[in-house]
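Participant: Got a structure for you, written out below as structure tokens; questions coming shortly.
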Amino acid sequence: MKYLLSMIASLAFALSSCQTGKLDVMGDMNKEIEEASAVETTTGSSLLWVIEDAGNQARVFGLDGKGNVEKVLNVENAKNNDWEDLTSDDSGNLYIGDFGNNSEKRKTFAILKISNVNEAKGATKASVINFTLPKGVKSKDFEAFFLYGDSFYIFSKERKKAVVIKVPNRIGSHRAELVSKYHLKGKDTKVTSADISSDGKTIILLNHDSIWELTNFEGDAFFKGTIKKIELEHDSQKEGVCFKGDDTLYITDERNKSDGGNIYRFKL
């Protein structure tokens with residue numbers, strides 16, 4: 001009986017893998033995680049770090065490549081106002097973007113820093129980087145960011161012209177700086193997650209059914225280089241993307257009944 005159940009599970013997984021377009025399914029995330037809003041890797045660890053967004057607990061999950069929970073961190077000095085994306089640095093510090101803003105009424109935003117996340121256990125505390133928007137920029141919903149140099153670059157989620165703002169990687173309160181405005185080509189251009197390769201040469205912006213690959217840019221003029229749209233041939237509520245090396249991506253989506261809740265791999 002156990003063998004039969006195992007065969008059925010394997011067959012179901014294989015069938016689902018055949019229906020995911022250009023994406024390879026690595027695993028199904030633990031059912032405890034329904035609204036995965038980000039995924040990130042860190043230096044010195046094989047775990048994939050995942051968070052959930054607004055309405056969920058202030059927890060960070062460390063998963064293996066198949067989606068099993070290996071570690072749970074409870075951030076005891078923070079609230080999950082609307083956690084939307086993750087990034088990390090070369091020292092193994094993990095950063096949580098608490099800047100979701102569906103109502104577009106927030107005036108202050110935060111980035112939470114968990115130092116040396118690979119060594120953290122159980123209840124942990126985060127250092128806080130607070131920021132307000134640049135003068136003249138109205139309150140917007142943000143769901144994507146990455147760390148580049150000594151600054152965070154944060155992307156607004158909009159159908160038409162969106163903005164990139166910049167916040168220094170320093171604990172304390174800051175006013176963000178407007179970097180650029182951009183308008184991606186396509187019907188649905190809402191960016192839900194972003195990452196930059198370790199060599200700093202490639203940026204990925206994620207959408208529910210596609211990604212944009214940005215290359216050949218100089219400095220932080222990201223949209224003055226080459227912009228390539230890649231259709232994933234799979235539509236789901238994709239909310240997390242990160243690099244593994246410089247040419248492989250991990251992508252996660254939210255669970256919707258029996259669909260989604262997966263970790264995918266995509267080769268650029």
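We did not get these values from a lab; they are worked out from the coordinates using the rules stated. Given the structure is predicted, the values throughout are model-derived calculations rather than measurements. A quick note on method: Cβ atoms are made from the backbone with ideal geometry, for glycine too, and the neighbour counts reach across all protein chains shown.
Participant: By average Cβ neighbour count within 10 Å, what is the ranking of 217-228, 237-248, 98-109 from highest down? Intermediate results must be reported in sequence, preceding the final value.
Facilitator: Numbers: 217-228: 13.6, 237-248: 19.8, 98-109: 16.4.
Ranked by mean Cβ neighbours within 10 Å, highest first: 237-248, 98-109, 217-228.
Participant: If you don't mind, another one. Just need the Rg to Rh number for the stretch 111-190, please, alpha carbons only, Kirkwood Rh.
Facilitator: 1.05
Participant: Ok, one more. Going by the alpha-carbon gyration tensor, a ≥ b ≥ c the square roots of its eigenvalues, is the stretch 16-131 rounded (a/c under 1.5) or, if a/c is not under 1.5, prolate (a/b greater than b/c) versus oblate?
Facilitator: oblate
Participant: Angle between the Cα long axis of helix 2-17 and the longest principal axis of the chain, 0 to 90 degrees, nearest 10?
Facilitator: It works out to around 40 degrees.
Participant: What spacing in nm lies between the two simple spin-label points modelled at residue 127 and residue 265, each 7 Å away from Cα in the Cβ direction?
Facilitator: Result for the modelled spin labels: 3.4 nm.
Participant: Once you have a ≥ b ≥ c as the square roots of the Cα gyration tensor eigenvalues for the stretch 221-268, tell me rounded if a/c is under 1.5, and otherwise prolate or oblate according to whether a/b is larger than b/c.
Facilitator: Prolate is the answer for the stretch 221-268, as a/c is 1.5 or above and a/b outweighs b/c.
Participant: Continuing with this model, one more query. Calculate, in whole percent, how much of the Cα-Cα pair population of the stretch 175-234 lies beyond 18 Å. Let's see the in-between values first.
Facilitator: Working: 606 of 1770 pairs.
The answer is 34 percent, as a whole percent.
Participant: Determine, from the Cβ-Cβ distance of residue 135 and residue 248 and an R0 of 51 Å, the FRET efficiency 1/(1 + (r/R0)^6), rounded to the nearest 0.05.
Facilitator: 0.80
Participant: Suppose only helical runs count, i.e. DSSP H with n ≥ 4. What mean residue ellipticity at 222 nm does that imply for the chain under -39500 (n - 2.57) per run, divided by all residues and rounded to the nearest 500 deg cm²/dmol?
Facilitator: -2000 deg cm²/dmol
Participant: Shifting gears a bit: Please tell me which of these pairs span more than 20 angstrom C-alpha to C-alpha: 71/201; 113/224; 31/257; 105/125; 22/228?
Facilitator: Long pairs (Cα-Cα over 20 Å): 71/201; 113/224; 105/125.
Participant: With 10 angstrom as the radius, rank 35, 40, 233 by how many other C-beta atoms surround their C-beta, starting from the fewest. Before the final figure, lay out each step's value.
Facilitator: On the way: 35 18, 40 26, 233 11.
In increasing order of surrounding Cβ atoms, one gets 233, 35, 40.
Participant: For residue 150 and residue 224 in one chain, what is 0.36 nm times their gap in residues minus the Cα-Cα distance, to one decimal in nm?
Facilitator: Here the answer is 24.5 nm.
Participant: At 0.36 nm per residue, and after removing the present C-alpha to C-alpha distance, how many nm does the segment from residue 32 to residue 178 gain when stretched out fully?
Facilitator: Gain on stretching residue 32 to residue 178: 48.8 nm.
Participant: Same structure, new question: Which order do peptides 55-67, 252-264, 80-92 fall in by mean Cβ count within 10 Å, highest first?
Facilitator: Working: 55-67: 17.4, 252-264: 19.3, 80-92: 21.3.
Highest to lowest by the protection proxy: 80-92, 252-264, 55-67.
Participant: If R₀ is 41 angstrom, what is the calculated FRET efficiency for the pair residue 188 and residue 76, using the beta carbon separation as r and rounding to 0.05?
Facilitator: 0.65
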